[in-house]
Amino acid sequence: MENKLYVYNSKTRKKELFEPINPGHVGMYVCGPTVYNEVHLGNVRTFVSFDVIYRYLKYSGYKVRYVRNITDVGHLTESGEDKVLKRAKLEQLEPMELVQKYTNMFHEMMSIFNTLNPDIEPRATGHLIEQMEMVQEILDNGYAYEKNGSVYFDTLKFNDDYKSYGKLSGRKIDELLTETRDDLKNQDEKRHASDFAIWMKASDEHIMKWNSPWSVGFPGWHLECSVMSTKYLGETFDIHGGGNDLKFPHHENEIAQNIGARGVEPVKYWLHSNMLLMNGRKMSKSDGNTISPYELFTGESPHVSKGYSPMAVRFFMLQSHYRSTLDLTDQAMQAAEKGYKKLMDAAHILNSMEHPGKGEVTDKDKKILSILEAMENDMNDDFNTPKALADTFELVNYINKLKDGHLDFKEISVDTFNKMKDTFVSFVYDVFGFRKEAAGDDKGMFEGMVELLITIRNEARANKDWATSDLIRDKLKEIGIQLKDGKDGTSWSKVG
Ligand code: AMP
Ligand code: ZN
């Protein structure tokens, strides 16, 4: 922790020195998924970004408590329907069954991308009592009102007292007052268009509903994060993260609720990651400009020429800063795949290399030390993964030169070599979070076996022996290896 970490705080719009409330400890909350459908690549980008942040904080020596929630109730669609409920009806599943199904799939996807598990993963439906308590606190403080069994947050009253509604997202209350951000059926119950529901009375056909002092109903979406973050991290905690599309209204309303209930700002540093695009446009299901993680792994999509491994995708994501948009293109994925392979080859070489002893401190030695320092400086500068990766590649050049004999071990001291080994390995696996593959030889053998099977299959195809060719393809698929035939031959990727 000797090095100083700076983080960009969305609330102040500045890079600030990171000083946790409780020295040596960090409380971090990240808005998790709404589990009503399969996680998409955009979500994955956000969770990978915060995974690297979590990993780097740990690498820096902090004891981190990372809380990421599961939204399983209360997140409404544009037309005011509960997202979970709507989908449960469509799939003819009990809402909890649907939620479990997509929670499991989300966990599976997180593990495919090698993200670390949060320390606590609370669910909205598991915190109904606490949410009702917060509604009551806000009511008691006069920042909410009840109407026909629903409870609304009074944004105008809150802003009159605290002058801060809209500050995070840079909105003006005067404009918000005339703008409706939700499409609740009971708009006329609200005093001002910018007010939002913190408790909603449920209609008869609504299945997920609970008894409360105000009505049989369900909590507003923003409430769960206000409640669960502070329950597990304290009334004020260090980092709150999420995609930047959540700044408004979700995070703005979270702040208002916490202050409205307890009179204190909940978060010291707000961190927001940027959106994933594809071919220069926002990924969107409605106009077909979308690709699922599995389609990207198998290459079964018109947007890519072949499949890419999850770790190549992770590498691609780290090549941009978390606050920049990231544009997914086939070309960029091909480059990322090559880069990832080069990096892992170097890691493998370095792992099996020992300094023979007798080295000296030379200019090259000093240069390596300065690169190691730069890697940490990059990460200390608001988690600049693209720069840290670029610096890591400077080490890759040195590693390859050592291997090829273009650089003599004599030109590097034993200390520097060992330091390079430690830092390189820690960055690749612990900070960037690339998966530790089986020992190099096993990996080489495994890849060789797959290539051999592809060769046998190609022979079979040349002989029009479709039965053998299909058998190899299908059996490989069963064990998680997807083959894809393209104009340049057959490629393969691991799925799952
Ligand atoms: P949701 O499940 O829609 O609540 O989203 C879960 C997380 O993914 C949130 O932090 C969102 O901001 C984030 N997210 C949604 N779409 C994208 C996207 N296209 N790119 C990056 N992050 C996204
Ligand atoms: Zn949230």
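If you check R262, R281, which single one turns out to be away from ligand 2 (no atom under 16 Å from the Cβ), basic (K, R) and surrounded by fewer than 16 Cβ atoms within 10 Å (Cβ to Cβ)?
Selected residue: R281, the only one of R262, R281 that is away from ligand 2 (no atom under 16 Å from the Cβ), basic (K, R) and surrounded by fewer than 16 Cβ atoms within 10 Å (Cβ to Cβ).
Determine whether the range 231-250 contains at least one residue that is within 16 Å of ligand 2 (Cβ to nearest atom), in the same structural domain as L176 (by TED's automatic domain parsing), more than 17 Å from the chain's Cα centre (by Cα) and among the polar types (S, T, N, Q).
Among the residues of the range 231-250, not one is within 16 Å of ligand 2 (Cβ to nearest atom), in the same structural domain as L176 (by TED's automatic domain parsing), more than 17 Å from the chain's Cα centre (by Cα) and among the polar types (S, T, N, Q), which makes the answer no.
Tell me, which residue of the range 62-99 that is exposed (fewer than 15 other Cβ atoms within 10 Å of the Cβ) and polar (S, T, N, Q) is farthest from Y29 (Cα to Cα)?
Among those that are exposed (fewer than 15 other Cβ atoms within 10 Å of the Cβ) and polar (S, T, N, Q), it is Q92.
Quick one: would you say E224 is within 21 Å of N159 (Cβ to Cβ), acidic (D, E) and within 13 Å of ligand 2 (Cβ to nearest atom)?
No: the conditions fail for E224.
Looking at the range 48-56, is at least one residue within 19 Å of N244 (Cα to Cα), away from ligand 2 (no atom under 16 Å from the Cβ) and in a strand (DSSP E or B)?
For the range 48-56, residues within 19 Å of N244 (Cα to Cα), away from ligand 2 (no atom under 16 Å from the Cβ) and in a strand (DSSP E or B): absent.
Please name all residue pairs, on different chains or six or more residues apart, with Cβ atoms under 8 Å, provided the first residue is in the range 61-90 and is within 18 Å of K201 (Cα to Cα) and the second residue is small (G, A, S) and buried (at least 20 other Cβ atoms within 10 Å of the Cβ).
The qualifying pairs are D72/A124; V73/A124; G74/A124; G74/G220; D82/G74.
List pairs: first in the range 219-231 and within 14 Å of ligand 1 (Cβ to nearest atom), second assigned to a helix (DSSP H, G or I), Cβ under 6 Å, 6+ apart or cross-chain?
Matching pairs, first to second residue: H222/H250; H222/N253; H222/E254; E224/A124; C225/E254.
Go through the range 329-358 and give me each residue that's more than 25 Å from the chain's Cα centre (by Cα) and surrounded by fewer than 19 Cβ atoms within 10 Å (Cβ to Cβ).
D345, H348, I349, N351, S352, M353, E354, H355, P356, G357, K358
Is it true that some residue in the range 397-411 is assigned to a helix (DSSP H, G or I), acidic (D, E) and without any contact (Cβ under 8 Å) to a residue 60 or more places away in the chain?
Scanning the range 397-411 turns up at least one residue that is assigned to a helix (DSSP H, G or I), acidic (D, E) and without any contact (Cβ under 8 Å) to a residue 60 or more places away in the chain.
The values are calculated or read from the model by the stated rules, or taken from the named source; none is laboratory data. Please read all numbers here as calculations on a predicted model, not as lab measurements. Counting neighbours? That spans all protein chains shown, and the Cβs are built from the backbone with ideal geometry, glycine included.
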